[in-house]
Amino acid sequence: MKENVRKPVKQEKEKAATEEQFRLIRASIDLANSERKKQVILITSPESGTGKSTVASHLAICYAKKGERTLLIDADLRKPTIHKYFPVSRYVGLTNIMAEQSSVMNGLQEVEMDGYSLSILTGGPSPLNPSELLSSKKMEQLVAQLKQFFDIIIVDTPPITIVSDALVLTDLADGVILTCRYHQTVKEKAQLAVEKLKLSKARLLGVIFNGTKNAKHYYY
């Protein structure tokens, strides 16, 4: 059965307004408490279907275009999708490295597009226990190792109100961005997501309001 593969992000005809919004998001991240470097950023959402993986992909591309050594990690191990946005394989990725079936260097995949280079670590085969794997000492050591080679690491994680996977990664991150969808995410769900982040003492950098027709409200 042929897998339903989305077109790579590089092939999408992005509107100039959207591109500018991601540059503004990047600038906002860089300027927020600039005395503290934000090297690892989690992208999560209150629920499924908000477009968080699309946001993570675009943000990673935006940093790569700036000349930053950028890594995009698919840590949504239950429903990995990053491999559908780029010409990369899903089947050698994060879980292979964690299971010591692959070295870190062999697990990383390089994508070169339009004069910039982006490194991607896909999810790999889905594990039986994603939360335990992501909260393990091995994961902590892996992130510490990757930080030595990259200026910025964008991590796509599962919805925060559905499973605990994103929460267990907050200790390894310098900040979290919450992705909501216009006319879909209800206020109570968003509030619950923010409350969970507060309880875990995560640093919420901001909220991306995805799917709006008015570009100026894309980020707040």
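None of the figures in this text is laboratory data; all of them are computed from the coordinates on show. These numbers come from a predicted model, not from an experiment. Note: ideal-geometry Cβ built from the backbone for every residue, glycine included; neighbour counts use all protein chains shown.
A few remarks follow.
- Measuring against 19 Å, Cα to Cα, the residue pairs LYS79/LYS147; LYS37/LYS66; LYS84/LYS147; LYS79/LYS138; LYS147/LYS198; LYS38/LYS138 contain LYS79/LYS147; LYS84/LYS147; LYS79/LYS138; LYS147/LYS198; LYS38/LYS138 as the ones spanning a longer distance.
- Alpha-carbon radius of gyration plus Dmax, which is the widest Cα pair, for the stretch 21-217 in Å: 15.6, 46
- Computed over the stretch 77-162, relative contact order equals 31 percent, with contacts defined as Cα pairs under 8 Å that lie 6+ residues apart.
- Gain upon complete extension [ASP114, LEU31; 0.36 nm per residue less C-alpha separation]: 27.2 nm
- Neighbour-count ranking [beta-carbon atoms within 10 angstrom, fewest first] of THR170, THR212, THR122: THR212, THR170, THR122
- Max mean-square fluctuation residue, GNM over the chain, Cα-Cα springs under 10 Å, options LEU121, LEU172, LEU192: LEU192
- Computed label-point distance, nm, for sites LEU199 and GLU100 using a 7 Å Cα→Cβ extension: 3.5
- Only Lys, Arg, Asp and Glu carry charge here, each on its Cβ (+1 for the first two, -1 for the last two); on that basis the stretch 21-217 has a dipole of about 600 debye about its Cα centre.
- Rounded to 0.05, the FRET efficiency of the SER164 and GLN39 pair, given R0 = 22 Å and the Cβ-Cβ distance, is 0.40.
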